[in-house]
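Enquirer: The structure's right below; bear with me while I get my questions together.
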Amino acid sequence: MIAAALGVTLDEVHNGFAKISKQLVLGGFVAAGDMGNAVVIYSNRKPEPIKRNIVLAGLSFGWISPLGSQSGQVRKFAGSETLMQCTAKPKSFESAQVKSREKYRPAQIKSPIETLFRRKDQNFITPEHLTAANDFREIYAFRESVTAEDYKRISSILPVRVLQILIEICGDLKGFETVEKEMGLPARSAKVMISFALDVYRHAKSA
């Protein structure tokens, strides 16, 4: 049995996915590294941990599928069209058949950085900034497991204010206006600040 081979029970797999199914249906995704826990990332909420072996079991059952290109040490997975089979009784999990192989494309929650980048009238965010923002988001999401050392190093190098705005916008996906209010920044300044912060982050990563 798949679950037993991964060292988890069917009940654990059922309960684990039942808790995150709503987030996945609404466009969230699972990010998993090579060890430790995985996390569920949805909108601007704090990443929710889930056991990596439960994620692997769900992948084997066909409830999630790879999201985008799979490079680097962090893999992303979105809910598949068979995701709601996770609400079935545990005994029926491994006998469930995938009735359709059509690719499922869930709505994806874009980060404020990506949304700004795609605006034709903006000149704050470059392709390099977008890459850096996605890189920081992965490191931040796995800061307590596979990217702990990376996050610790970056945290020790970056100025406190720079790290804070990266966490707020790239990590927690808060909107620019929200960050301005919470951090006491002048109106319409967060876009300039995050552009500067991403430049500092890129420099620190290459140092």
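Enquirer: If one computes P(r) from the Cα atoms of the range 15-70, what percent of pairs lie at distances over 15 Å? The partial results should precede the final answer.
Expert: Numbers: 650 of 1540 pairs.
In whole percent, the share of Cα-Cα pairs in the range 15-70 beyond 15 Å is 42.
Enquirer: On to the next question. Among the listed pairs Lys51/Lys110; Lys76/Lys174; Lys110/Lys181; Lys76/Lys181, which are separated by more than 29 Å between their Cα atoms?
Expert: In this structure, Lys76/Lys181 lie more than 29 Å apart at Cα.
Enquirer: Note down the nm distance, to one decimal, between modelled labels 7 Å out along Cα→Cβ at Arg45 and at Asp121.
Expert: 3.4 nm
Enquirer: If I model a spin label at Arg161 and Ala148 as a point 7 Å from the Cα along the Cα→Cβ vector, what separation in nanometres do I get?
Expert: Distance between the two pseudo-spin positions: 3.2 nm.
Enquirer: What is the fewest-to-most order of Val39, Val179, Val25 by other Cβ atoms lying within 10 Å of their Cβ? Walk me through the numbers on the way to the answer.
Expert: Working: Val39 26, Val179 22, Val25 14.
Ascending number of Cβ neighbours within 10 Å: Val25, Val179, Val39.
Enquirer: Continuing with the same structure: What ranking of Met193, Met183 emerges when the number of other C-beta atoms within 10 Å of each C-beta is taken as an exposure proxy, fewest first?
Expert: Working: Met193 23, Met183 15.
With the sparsest Cβ surroundings first, the list reads Met183, Met193.
Enquirer: Here's another thing I want to ask about it. By the scheme Lys and Arg +1, Asp and Glu -1, what is the net charge of all other residues having a beta-carbon under 11 Å from that of Ser189? Present the calculation step by step, with values, prior to reporting the outcome.
Expert: Values: positive: Arg188, Lys191; negative: Glu177, Glu180.
Residues close to Ser189 contribute a combined charge of 0.
Enquirer: What FRET efficiency, computed as 1/(1 + (r/R0)^6) with R0 = 25 Å and r the Cβ-Cβ distance, is obtained for Lys22 and Glu114, rounded to the nearest 0.05? Mind showing how you got there, number by number?
Expert: Working: r = 23 Å, r/R0 = 0.91.
It comes to 0.65.
Enquirer: Out of the trypsin sites (Lys or Arg not before Pro) in the range 110-207, which ones are loop residues according to DSSP with at most 12 other C-beta atoms within 10 Å? If you can, show how the numbers build up before the last one.
Expert: Numbers: sites: Lys110, Arg118, Arg119, Lys120, Arg137, Arg143, Lys152, Arg153, Arg161, Lys174, Lys181, Arg188, Lys191, Arg202, Lys205; in loops: Lys110, Arg118, Arg119, Lys120, Arg143, Lys174, Arg188.
For trypsin sites (Lys or Arg not before Pro) across the range 110-207 that sit outside H, G, I, E and B with at most 12 neighbouring Cβ atoms in 10 Å, the list reads Arg118, Arg119, Lys120, Arg188.
Enquirer: Please report Rg over Rh for the range 131-180, where both radii come from the alpha carbon positions and Rh follows the Kirkwood definition. Each step should come with its number before you reach the end.
Expert: Working: Rg = 10.7 Å, Rh = 11.0 Å.
Ratio of gyration radius to Kirkwood radius: 0.97.
Enquirer: Kindly provide the GluC sites (Glu not before Pro) of the range 113-207 that DSSP labels as loop, not H, G, I, E or B, and whose Cβ sees at most 15 other Cβ atoms within 10 Å. Intermediate values should be presented prior to the final figure.
Expert: Details: sites: Glu114, Glu128, Glu138, Glu144, Glu149, Glu168, Glu177, Glu180, Glu182; in loops: Glu144.
Loop-located and lightly packed - Glu144.
Each reported figure results from applying straightforward, stated rules to the coordinates on display, with no laboratory input. Note that the structure is predicted; figures quoted are calculated from it, not measured. FYI the Cβ positions are ideal-geometry reconstructions off the backbone, even for glycines, and counts take in every protein chain you see.
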